[in-house]
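Read through the structure below, which is laid out as structure tokens, and then see the notes.
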Amino acid sequence: MKKPVRTALEEGGAGSQNTSARQIGRIAATLLTAAMIIGTGIFGALGATAAHAGSTLLIAMIPGALVAWSTGVSGAQLGVNFPKAGGAFVWARAFHYDSLAFIAGCCYLGQGIVGTSVVALAFAYYSAQAVPGLPIHISAAAIVLVAVALNSFGIAFTSRVVIGLMALIVALLFVFVGFSLPHVEVSNLSPRFETGPLEFMAGAAIFFWAWDGFMRTAIMAGEMRNPRRTIPFSIAGGIAIAAIVFYAVAAVTLGVLGGAELGKDDVPLFKAATRAIGSWGGWVILAAAWLASINELISDLLSASRVGLAMGQAHEMPRWLGELHPRFNVPRHAVLAIGAVTFVLVLFFDLRQILPLASFYLWFGSRSPTSQRCTFPANNA
């Protein structure tokens, strides 16, 4: 006989005393989603995408946006019906795929830890270019501690920090866009389809990862007020805001450099800014990239700790991971545990030693059991 779907209440969701407070409304959740998308991806993905897609860069950005949108719709449905933090771990358990849920949860935690380590080390390496002699590992470990601290004082505080950082990043990017716009060559924006369809799709696949973060409000559903309205609105709105920023930046960069030159550079925004604006334009892009790295560190730890919380509450991880701080109502044990592992990794390992592990988690974690088609009972809301 088929087992019934576990309700959110049975999973410790809506109405449970073991979930965090629902403090994030629709506008805050939408801005939070946008902030989690507008990270380091736009700074690192444009060059690699253009290397495959060439002058069709702007078109190659569309498939990833559509995949993010459609996947976000599915994630919103799951978050609405199971409004508890934990993402794929909670969703798979609701349909009694407990073993797959454990694998999905471990993969998300691993991806969060390794991804945070990569961003912290990359932040330190780039900072060393501006400050010669800066100790790489100590700097990376220090920025991890900053991310841990900013995740320890409640979701309302952390979300304000993340949204505030996004506002600064977007402001700096639009300074770049505004001052570079007079130097755009319109002919560079015309797609010439100089690469084949396979190369085009390879570029589209690369840029997809720039959209990462679009579903985190569903993963953090336990902290959303009125999740039935908030989660779908925030995912759709967050993707739309990010798309406006992405296309403005990409169009100007492509217009200044052209597809061929853009594809040869790993830091095309920096090159376009220095060419169009001058040396101070390069510093604008560097400042935006540094802030984006910090924002991504905070966001990665924010969502990963909620998965740790859910796994601790389900006794699939040590129980103390599932405990909430009595005052700030956040999974501080999970934040500290993930932060401690990340701290050790960046202190003793180099970026190129961690990157293969990051690729493994990215590949393995993308095969989540939640991609299965589900039908929800009406009383699961």
Of P191, P331, P83, which has the largest mean-square fluctuation in a 10 Å C-alpha GNM of the chain?
-> P191
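Taking only C-alpha pairs under 8 Å that are 6+ residues apart, what is the relative contact order of the stretch 41-169 in percent? Please report the intermediate quantities before stating the final value.
Values: 46 pairs, mean separation 11.8, N = 129.
In percent, rounded to a whole number, it is 9.
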Provide the net charge surrounding P191, with neighbours chosen by a C-beta distance below 15 Å and charges set as Lys +1, Arg +1, Asp -1, Glu -1.
-> -2
Largest to smallest accessible area among K264, K271, K84 [probe 1.4 Å] | K264, K271, K84
Rounded accessible area of F348 (nearest 10 Å², 1.4 Å probe) | 140
Starting from the Cα-Cα distance between L189 and R352, subtract it from 0.36 nm times their residue separation and give me the gain in nm to one decimal.
-> 55.2 nm
Projected label distance in nm at Y125 and H96, using a 7 Å step from Cα toward the beta-carbon = 4.8
Excluding ligands, DNA and RNA, the carbon-plus-sulfur percentage of the accessible area of the stretch 59-114 with a 1.4 Å probe reads 73
Measure nothing but the geometry: give the 0 to 90° angle between the long axis through the Cα atoms of 227-257 and the longest principal axis through the Cα atoms of the chain, rounded to 10°.
-> 20
Given springs between every Cα pair under 10 Å in a Gaussian network model of the chain, which of R275, R327, R26 has the largest fluctuation?
-> R327
Cα-based helix-to-principal-axis angle, 26-37 vs the chain, degrees rounded to 10 = 60
Which of F349, F102, F43 moves most in a GNM of the chain, Cα contacts under 10 Å?
-> F349
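What accessible area per residue comes out for the chain, rounded to a whole number of Å², with a 1.4 Å probe?
Working: 16420 Å² over 381 residues.
In whole numbers, the chain has 43 Å² accessible per residue.
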Can you send over the solvent-accessible area of E316, 1.4 Å probe, protein chains only, in Å² to the nearest 10?
-> 60
With each run of n ≥ 4 DSSP H residues scored as -39500 (n - 2.57), what mean residue ellipticity at 222 nm is computed for the chain after dividing by its residue count and rounding to the nearest 500 deg cm²/dmol?
-> -23000 deg cm²/dmol
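Set the Förster distance to 22 Å, then compute FRET efficiency between L336 and F157 from the Cβ-Cβ distance, nearest 0.05. Intermediate results must be reported in sequence, preceding the final value.
Details: r = 16 Å, r/R0 = 0.75.
That gives a FRET efficiency of 0.85.
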Report relative contact order for the chain in percent, whole number only (criteria: Cα-Cα under 8 Å, sequence separation at least 6).
-> 36
In the stretch 195-295, what percent of the accessible surface is made up of carbon and sulfur (1.4 Å probe, ligands and nucleic acids excluded)?
-> 69
With every protein chain kept in place and a 1.4 Å probe, the residues H325, H333, H315 fall, from largest accessible area down, as H315, H333, H325
Nearest-10 value in Å² for the accessible area of D98, using the 1.4 Å probe | 50
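Provide the net charge surrounding M36, with neighbours chosen by a C-beta distance below 12 Å and charges set as Lys +1, Arg +1, Asp -1, Glu -1.
On the way: positive: R216; negative: D212, E296, D300.
Net charge around M36: -2.
Under a Cβ-Cβ cut-off of 9 Å, what is the net charge of the residues other than G213 that fall near it, where Lys and Arg count +1 and Asp and Glu count -1?
Numbers: positive: R216; negative: D212, E296, D300.
Local net charge: -2.
The values are calculated or read from the model by the stated rules, or taken from the named source; none is laboratory data. Since we're looking at a predicted model, the values are computed, not measured. All Cβ positions, glycine included, derive from the backbone under ideal geometry; neighbour counts span all protein chains shown. For the accessible areas, the whole protein counts, side chains as well, though only heavy atoms, and no ligand, DNA or RNA atoms are used. Shrake-Rupley method; radii C 1.70, N 1.55, O 1.52, S 1.80 Å.
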